[in-house]
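Here is the structure we will look at.
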Amino acid sequence: MSEIKYINPAGLETPPGYSQIVDVRASRLIFLSGQAALDAHGELVGGSDLEAQADQAFHNVSQALASVGCTAANLVKLTVFVRDMNTLAAYRRARDRFLKSVEPAAAPAITLVEVSRLFADGLLIEIEGVAAA
């Protein structure tokens, strides 16, 4: 069984929605490839609406996790790539809905990066992750 400690050490900001450090002592780690706003048929979901695209990307993360018997509570690290940092409020709303079942003190470590382009035209967000089971 994995031992997971979520840490926001003194001297660092205690952020809303994620942990500064996730210390995992696990025998099983699951690495999720980047998930974007594509449905099961490869069609773009959400058009030019970042929040709708983020909801679909998080849905895909949930589907991937479920396929190996995990949930959002198993996530220890997310890396989020967005095309425009000015859309952070929309991203955070989608993230908070996705993580609503996870205790705030057990939120994954998250890195958010602005990129100039993603793998397909029209994509505004891509999310990859690591889970511990």
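Summary of values
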| read-out | value |
| --- | --- |
| Number of the exception - THR79 against (1) part of a helix (DSSP H, G or I); (2) touching an Asp or Glu at 6+ places or on another chain (Cβ under 6 Å) | (1) |
| Subset of the range 98-107 [surrounded by fewer than 10 Cβ atoms within 10 Å (Cβ to Cβ) and closer than 15 Å to SER19 by Cβ] | GLU103 |
| Cβ pairs under 6 Å, 6+ apart, first in the range 32-51 and over 20 Å from ALA90 (Cβ atoms) and of a type in the set (Val, Ile, Thr), second at pLDDT below 95 and surrounded by fewer than 20 Cβ atoms within 10 Å (Cβ to Cβ) | none |
| Cβ-Cβ under 8 Å pairs, at least 6 apart or on other chains, the range 1-25 side part of a loop (DSSP other than H, G, I, E, B), far side exposed (fewer than 10 other Cβ atoms within 10 Å of the Cβ) and not small (Gly, Ala, Ser) | GLN20/PRO9; GLN20/GLU13 |
| Subset of the range 108-133 [under 9 Å from LYS77 (Cα atoms) and surrounded by 12 or more Cβ atoms within 10 Å (Cβ to Cβ)] | PRO108, ALA109, ILE110, GLU128, GLY129, VAL130, ALA131 |
| Residue in the range 71-92 that is basic (Lys, Arg), surrounded by 14 or more Cβ atoms within 10 Å (Cβ to Cβ), out of contact with any strand residue (DSSP E or B) (no Cβ under 8 Å at 6 or more places or on another chain) and in contact (Cβ under 8 Å) with a residue 40 or more places away in the chain present | yes |
| Any hit, the range 46-66, residues being exposed (fewer than 15 other Cβ atoms within 10 Å of the Cβ), at pLDDT below 90 and farther than 21 Å from VAL113 by Cα | no |
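The values are calculated or read from the model by the stated rules, or taken from the named source; none is laboratory data. This structure is a prediction, so every number in the text was calculated from the model and none was measured. Reconstructed Cβ throughout: ideal geometry from the backbone, glycine too, with neighbour counts over all protein chains shown.
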